[in-house]
């Protein structure tokens, strides 16, 4: 089963590059990069991704809502994760 990771407005190009490396290690992942999140064209993403930006498929969406709609159209279940004081431990 393919895992889609929605990158929702992450400012740091280094963090996006790190997400590429994590997705590459996990295997069978595709990244959906949204909003202000830098894409692999940004030099710092490529520097941190260490080649994973070449092996992990990705798409860019202007908004996160567009990415979620794209997933829903493909019948992909969508889950969100957020760390808050009211978070439930699973």
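Any read-out appearing in this document is the output of simple, stated calculations on the displayed coordinates, not a laboratory observation. Note that the structure is predicted; figures quoted are calculated from it, not measured. For neighbour counting, all protein chains shown are included, and Cβ atoms are generated from backbone atoms with ideal geometry for every residue, glycine included.
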ask   = Checking residue 46 against (1) on the phi > 0 side of the Ramachandran plot; (2) surrounded by 16 or more Cβ atoms within 10 Å (Cβ to Cβ); (3) more than 13 Å from the chain's Cα centre (by Cα), which test does it fail?
value = (1)
query = Given (1) free of Cβ contacts under 8 Å to residues at least 40 places away in the same chain; (2) in a helix (DSSP H, G or I), where does residue 88 come up short, assuming only one miss?
reply = (2)
task = Tell me which residues, restricted to the range 66-89, are exposed (fewer than 12 other Cβ atoms within 10 Å of the Cβ) and farther than 21 Å from residue 1 by Cα.
result = 82, 83, 84, 85, 86, 87, 88, 89
ask   = Within the bounds of the range 55-63, is there any residue that is out of contact with any helix residue (DSSP H, G or I) (no Cβ under 7 Å at 6 or more places or on another chain), touching a residue at least 24 places away in the same chain (Cβ under 8 Å) and surrounded by 18 or more Cβ atoms within 10 Å (Cβ to Cβ)?
value = yes
message = Going residue by residue through the range 2-21, is there one that turns out to be in contact with a helix residue (DSSP H, G or I) (Cβ under 9 Å, 6 or more places away or on another chain) and loosely packed, with under 11 Cβ neighbours inside 10 Å?
response = no
ask   = Of all residues in the range 25-43, which are under 14 Å from the mean Cα position of the chain (by Cα) and either surrounded by 13 or more Cβ atoms within 10 Å (Cβ to Cβ) or closer than 14 Å to residue 15 by Cα (or both)?
value = 29, 30, 31, 32, 33, 34, 35, 36, 37, 38, 39, 40
